[in-house]
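The structure appears right after this line, and notes come after that.
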Amino acid sequence: MTTHRTDVLVIGAGVAGIGVACRLRRELPGRDFAILERRAGIGGTWDLFRYPGVRSDSDMFSFGYRFRPWNGTRVLADGESIRDYVTATAREYGVDKAIHHGLRVLAADWSSEHQRWTVTALREATGERETWVCSFLVTCTGYYDYDRGHLPEFPGAERFEGVRIHPQHWPRDFDHTGKRVVVIGSGATAVTLVPALADRAAHVTMLQRSPSYVLSVPSVDRITAWQQRFLPGPLVARMTRRRNIGLQRALFRTARRFPRATRRMLLAGVRRAVGPRIDMTHFSPAYDPWDERLCAVPDGDLFRVLREGRADVVTDTVETFTPTGIRLASGRELAADVVVTATGLNLQAFGGATISVDGEPRDLHDVCTYKSVMLEGIPNLAWVFGYTNASWTLKVDLAAAYLVRLLRHLDATGRTVAVPVDHAANATAEGVVDELTSGYIRRAKDVMPRQGREFPWRMVMDYHHDRKVLLSDPIEDGVLAFGGPGSARLTGP
């Protein structure tokens, strides 16, 4: 078994892993690091998802890296553009040369005696195992299973004679021209697929068990496009980013404080966009705005194909698949040549790898997050997890900046180990993402860390709060314990 050594080991070369690596290269140029990536390409989610119309559901000006702003004017970029952006960023900072592709991380164990991580990885192409030894481990694996999307058991599915596809595993070069397509789902993936498929399909039906809030946003940021004509690009990028972060936060807070008024505003926008022929019950959820993520559609493309009759929405449940389509609980039958099951994601922690401390397994669900970046009782581990109510990358950038601060602090004080210690049994039964009620969020309850009663053991989905905590508050806070060379015992400040 081959053994490699590095100082910092980053797991994942997606948006988060590349963001962390670029921070390390820019701000700690002397620090040795490596990135392990299972896939052959860079981009993580954006390298995996290739279904028609795949795009961001966050605006690109806040989704792009702060240190390398998104320089286009499209608000919701397509998947290929995002993948190219992440890849170009990695190459610009030279971190692409630190990526070791084709390695699936199986396990990571911390040794208190040697004060280091030993990571076991499988080279999937050959079946060989490799060992990576590092002093600090950074996991940037997101929170869902890349191998399998979430697929409920539909009665009679095996009888269906058409094509059944999960968006996470879209067949290369699949041609849906002239076909009758049913898309099962009502989330971000479904509202993206329907208008993309409607361009060539005979007809597309979005079959949903319950509605989601759908919000039309401009495809092009005209304010930014105008400013770019007269002002320096970096200044425009900063202004747009600050504006959009503020707008995101204002919408979220307004929805939480005034749910009824926000609901009326959102539904009024849909009513204007779809016209009088579309039944508004298909767009009137039973829950309050932002109990689940809002679905953004550029220039109302979903509403346009509904108005034009190229697609429709059916709110019902599947009774059974038939050889030629789907029979619903209402008795209605939907004829289909293709059924797309946009039914969500399967959740997993650490990319499916196991983690242990001195040989003792640690279940992520048994611990709380510390400042939403580290994990209770697990030394020298950064857990990079983005926002669920704003652009994912906003939190990634803050977490990376905190990691740099922490590594500098360890160097300056002669310590080698940092571990959050809960002295007051803060853990509750709440999960870190329980604020939202989406299906995939509910499925994450037994996978993700738990919330503590109070900060720093609570995850606060608030960019401005986290900026202060992670960029300005002292590293030594009485909760983070430290150890030095050759010392197995951890001490507080």
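Brief remarks follow.
- Exactly one residue out of 216, 186, 210 is touching a helix residue (DSSP H, G or I) at 6+ places or on another chain (Cβ under 8 Å) and open to solvent by 20 Å² or more (accessible area, probe 1.4 Å): that is 216.
- In the set 251, 247, only one residue is loosely packed, with under 15 Cβ neighbours inside 10 Å, under 23 Å from the mean Cα position of the chain (by Cα) and closer than 26 Å to residue 465 by Cβ; that residue is 247.
- When 270, 314 are checked against the criterion of being closer than 27 Å to residue 60 by Cα, touching a Ser or Thr at 6+ places or on another chain (Cβ under 9 Å) and outside any loop (DSSP other than H, G, I, E, B), 270 stands alone in meeting it.
- From the list 324, 388, 369, 393, the lone residue that is open to solvent by 40 Å² or more (accessible area, probe 1.4 Å) and among the β-branched types (Val, Ile, Thr) is 324.
- Filter result for residue 310 (of a type in the set (D, E, K, R) and modelled with pLDDT under 95): no
- Residue in the range 130-150 that is assigned to a loop (DSSP other than H, G, I, E, B) and within 15 Å of residue 340 (Cα to Cα) present: yes
- Top-ranked residue of the range 254-289 - restricted to ones that are open to solvent by 30 Å² or more (accessible area, probe 1.4 Å) and of a type in the set (S, T, N, Q), ranked as nearest to residue 312 (Cα to Cα): 281
- No other residue among 67, 49 is hydrophobic (A, V, I, L, M, F, W, C), within 18 Å of the chain's Cα centre (by Cα) and open to solvent by 20 Å² or more (accessible area, probe 1.4 Å) apart from 49.
- Among (1) modelled with pLDDT under 95; (2) surrounded by fewer than 18 Cβ atoms within 10 Å (Cβ to Cβ); (3) small (Gly, Ala, Ser), the one test that residue 296 misses: (2)
- Taking every residue in the range 46-69 that is within 17 Å of residue 401 (Cβ to Cβ) and pairing it with any residue that is of a type in the set (Asp, Glu) and modelled with pLDDT of 90 or more, at least 6 positions away or on another chain, the pairs with Cβ-Cβ distances below 9 Å are 65/397; 66/397; 67/397; 68/92.
The values are calculated or read from the model by the stated rules, or taken from the named source; none is laboratory data. Source: prediction; values computed, not measured. Here the Cβ is made from the backbone with ideal geometry for all residues, glycine too, and neighbour counts use every protein chain on show. Surface areas here come from the heavy atoms of the whole protein model, side chains and all, with no ligands, DNA or RNA. Shrake-Rupley method; radii C 1.70, N 1.55, O 1.52, S 1.80 Å.
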